[in-house]
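What follows draws every value from the coordinates through simple rules; no lab data is involved. The shown structure was predicted, so the numbers you read here are calculated from the model rather than taken from an experiment. Positions of Cβ are generated from backbone atoms using ideal geometry, with glycine treated the same way; all protein chains shown enter the neighbour counts.
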Amino acid sequence: MFATFTGWEFDGNIDTARKLATDFWPPMKAAGATDFRVTQTAPNSLRSMTLWKSQKDCEAALDKIRAAGPAASGIKVVATAAGSLESQLD
C-alpha cells in the first residue's frame, strides 16, 4: 500500500470543505484509493491522508485530483508527502 498526505487551506467554511472531500471520494476510490481521512488542523486548514492500493495507482490519479480542488472551491494545496505504508496497527 501507498500513503499520501496533503495539507489544504480553504477560504470558506468547514461545511464546504467537508462536502468537497465527500464529493472527491468516489473518483478517488475508483482510481485505487482504499481509505481517505481528513483532519481539521486550524480554522482554515485541513490535512488529508489517503491510502492507495499501489504507488502506480496513486501517481496516475493524484495530480488530477489535487488540481481539481482549487478549481472546485477555493481550496489550495499547501503541503504534500507520500511513501510506502510500512506498518498498520488496528
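Pairs from the table (Lys19/Lys53; Lys53/Lys76; Lys29/Lys56; Lys29/Lys53) lying more than 19 angstrom apart at Cα are Lys19/Lys53; Lys53/Lys76. Helix 55-73 and the longest principal axis of the C-alpha atoms of the chain enclose an angle of approximately 10°.
Listed values (i) -0.53, -0.84; (ii) -0.47, -0.77; (iii) -0.66, -1.03 include one computed from this model; for log10 I(q)/I(0) by the Debye sum over Cα atoms at q = 0.15, 0.19 Å⁻¹ that value carries the label (i). Of the residues Leu20, Ser45, Ala60, the one whose Cα sits farthest towards the positive end of the charge dipole of the range 2-83 is Ala60 (charges of +1 on Lys and Arg Cβ, -1 on Asp and Glu Cβ, taken about the Cα centre).
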